[in-house]
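Input: a single structure, listed below in structure tokens.
The values are calculated or read from the model by the stated rules, or taken from the named source; none is laboratory data. Source: prediction; values computed, not measured. Methodologically, a virtual Cβ is constructed for each residue, glycine included, from the backbone with ideal geometry; neighbour enumeration extends over all protein chains shown.
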Amino acid sequence: MVLEGEKTWREEPEEEEEEEEEEELVDPLSTVREHCEQSEKCVKAHERLELCETRVNSRSHTEEECTEELFDFLHARDHCVAHKLFKNLK
């Protein structure tokens with residue numbers, strides 16, 4: 001119970017700031033994806049995608065999209081990633 005005129009203060013211990021730098025975690029998926037994007041199949045698929053994007057962007061009125069080329073690139077990259085990702089997980 002607190003009496004009138006009497007103040008109660010709860011002092012909490014001050015937390016000391018640790019100046020230790022935490023190791024920045026790196027997503028293994030991103031690392032493996034970057035590695036796989038350098039593989040021969042992915043490089044070729046990416047080149048086809050870039051050619052398509054250049055062609056589409058150079059035209060003012062076109063119905064062409066680069067969906068197929070994008071899916072081909074993602075498929076090639078993900079196929080490579082699927083074989084390597086779980087070896088890197090703890």
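Within region 3-20, the presence of a residue that is at pLDDT below 95 and part of a helix (DSSP H, G or I) is excluded. Checked against (1) exposed (fewer than 10 other Cβ atoms within 10 Å of the Cβ); (2) modelled with pLDDT of 95 or more, residue 60 passes all but condition (2). Just to be sure before I move on: is residue 41 in a helix (DSSP H, G or I) and modelled with pLDDT under 90 in the structure I sent? The answer is no for residue 41.
With the requirement that a residue be touching a residue at least 12 places away in the same chain (Cβ under 8 Å) and in a helix (DSSP H, G or I), what does region 80-90 give you? Before the answer, list the steps.
First, the residues of region 80-90 that are touching a residue at least 12 places away in the same chain (Cβ under 8 Å): 80-81, 84-85, 88-89.
Matches in region 80-90: 80, 81, 84, 85.
Condition check ((1) in a helix (DSSP H, G or I); (2) in contact with a helix residue (DSSP H, G or I) (Cβ under 6 Å, 6 or more places away or on another chain); (3) at positive phi; (4) among the hydroxyl-bearing types (Ser, Thr, Tyr)) across all residues:
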residue: 26; (1), (2), (3), (4): no, no, no, no
residue: 34; (1), (2), (3), (4): yes, no, no, no
residue: 45; (1), (2), (3), (4): yes, yes, no, no
residue: 49; (1), (2), (3), (4): yes, yes, no, no
residue: 52; (1), (2), (3), (4): yes, yes, no, no
residue: 64; (1), (2), (3), (4): no, yes, no, no
residue: 68; (1), (2), (3), (4): yes, no, no, no
residue: 72; (1), (2), (3), (4): yes, yes, no, no
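Contact map, region 52-75: first residue more than 25 Å from residue 39 (Cα to Cα), second residue of a type in the set (Ser, Thr, Tyr) and part of a loop (DSSP other than H, G, I, E, B), Cβ cut-off under 9 Å, separation 6 or more or different chains; pairs are 56/62. Sort out which residues of region 23-51 are among the aliphatic types (A, V, I, L, M) and free of Cβ contacts under 8 Å to residues at least 40 places away in the same chain, and write them in order of number. Hits for region 23-51 are 25, 26, 43, 45, 49, 51.
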